[in-house]
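Before any comments, here is the structure.
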Amino acid sequence: WEFQVGPSVGIEAADHIWCARYLLERITEQAGVVLTLDPKPIEGDWNGA
């Protein structure tokens with residue numbers, strides 16, 4: 001799945017992304033799943049939103 005951050009501008013955008021990544025890491029840690037932040041973690045046709 002995917003999630004989006006915004007709309008935000010400048011430094012605020014970076015702050016939102018940092019917080020979102022932290023929350024995502026904590027949730028996946030508690031759920032016992034692996035998190036990867038690679039843009040395309042597996043080969044294939046990836047037509048994103």
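Our coupling estimate for segment 40-47, obtained by passing each phi through the Karplus curve with A = 6.51, B = -1.76, C = 1.60 and θ = phi - 60°, is 9, x, 9, 5, x, 7, 10, 8 Hz, Gly and Pro reported as x.
Hand me the chymotrypsin sites (Phe, Trp or Tyr not before Pro) from segment 11-48 located in a DSSP loop with no more than 11 other Cβ atoms within 10 Å, in residue order please.
Numbers: sites: TRP18, TYR22, TRP46; in loops: TRP46.
Here the chymotrypsin sites (Phe, Trp or Tyr not before Pro) that fit, given the DSSP loop and packing criteria, are TRP46.
Modelled spin labels at ALA13 and LEU35, positioned 7 Å past Cα toward Cβ, are 2.2 nm from each other.
Taking 1 over the mean of 1/r across every pair of different Cα atoms in the chain, what Kirkwood radius in Å do you get? Don't jump to the answer; show the numbers that get you there.
Working: mean 1/r = 0.0792 Å⁻¹.
Here the Kirkwood hydrodynamic radius works out to 12.6 Å.
All of the numbers you see were taken from the coordinates with simple rules; none came from a lab. This is a predicted model, so every value here is computed, not measured. Cβ sites come from the backbone with ideal geometry, for glycine too, and all protein chains shown count toward neighbours.
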